[in-house]
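The values are calculated or read from the model by the stated rules, or taken from the named source; none is laboratory data. Note that this is a predicted model, so its numbers are computed, not measured. Here the Cβ positions follow ideal geometry from the backbone for every residue, glycine too, while neighbour counts run over all protein chains shown. Ligands, DNA and RNA are stripped out before the accessible areas are found, and what is left, the full protein with its side chains, is counted by its heavy atoms. Shrake-Rupley method; radii C 1.70, N 1.55, O 1.52, S 1.80 Å.
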Amino acid sequence: MPRLLAHAVFGTRRYMERRIGALARDCRGLRVLELGSGKRTRGGHAYSVKEMFDPSNDFIQSDVVADYGHPLVDVTTMGFKEEFDLVLCLNILEHVYDFAPAVRNVHRAVRPGGRAVFVVPGFYPLHDEPSDFWRFTEHGLRRLLADFSHVLIDHHGPRRYPFAYLAVVKK
């Protein structure tokens, strides 16, 4: 319930879906890894954005919870090397205690010229406790994502008091 209320008040889910939907329209025939695809609710995947992408993409849903029915992929230990054109790390990093190695693993998983998308909360209520560890700033994200060749960071809400950040990065 608190998460639904936060989505309604802050509009972070709508913001993310609008931005990912715009990105997905230009994706055809790509190999895509979605980290943290989540559980099934009401016959669908409430946290996955797979349905926004064209069926021509090789879209791989994953999670760290076996019961969710996706391949098990832990961003902190995944060993992919230049296997994906696009990696989606949406609302995951705040739940990863050791997030810097996780970002390095995403960088390693992306093919040269490929992209990754990160969405992280700014001003947003705690959720999925006790595994909600961090809130990020634009400046922290820039340093964290510095190994990528191009980093574009957008914020949702007032710049100095953002509700969420979306970073599109290129390798």
Given (1) open to solvent by less than 10 Å² (accessible area, probe 1.4 Å); (2) farther than 18 Å from residue 148 by Cα; (3) of a type outside the set (Asp, Glu); (4) out of contact with any helix residue (DSSP H, G or I) (no Cβ under 9 Å at 6 or more places or on another chain), index of the condition residue 109 fails:
(2)
Assuming residue 130 fulfils every condition listed in (1) assigned to a helix (DSSP H, G or I); (2) loosely packed, with under 14 Cβ neighbours inside 10 Å; (3) not basic (Lys, Arg) apart from one, which condition is it?
(1)
Extreme residue, modelled with the lowest pLDDT, among residues of region 27-42 that are open to solvent by less than 40 Å² (accessible area, probe 1.4 Å) and either of a type outside the set (A, V, I, L, M) or in contact with a Lys or Arg (Cβ under 6 Å, 6 or more places away or on another chain) (or both):
38
Kindly list the number of the only condition in (1) assigned to a loop (DSSP other than H, G, I, E, B); (2) out of contact with any Phe, Trp or Tyr (no Cβ under 6 Å at 6 or more places or on another chain) that fails for residue 139.
(1)
Give me a count of the residues in region 154-171 that are in contact with a helix residue (DSSP H, G or I) (Cβ under 8 Å, 6 or more places away or on another chain) and surrounded by 17 or more Cβ atoms within 10 Å (Cβ to Cβ).
11
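Looking at 74, 67 in this structure, which one is open to solvent by 50 Å² or more (accessible area, probe 1.4 Å), over 16 Å from the mean Cα position of the chain (by Cα), charged (D, E, K, R) and over 21 Å from residue 17 (Cβ atoms)? Full working, then the answer.
Details: 74 fails: over 16 Å from the mean Cα position of the chain (by Cα).
After applying the criteria, what remains is 67.
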Checked pairs for region 86-111, first of a type in the set (Gly, Ala, Ser), second open to solvent by less than 20 Å² (accessible area, probe 1.4 Å), C-beta under 6 Å and 6 or more apart or across chains, list as 102/75; 102/96; 109/84; 109/87
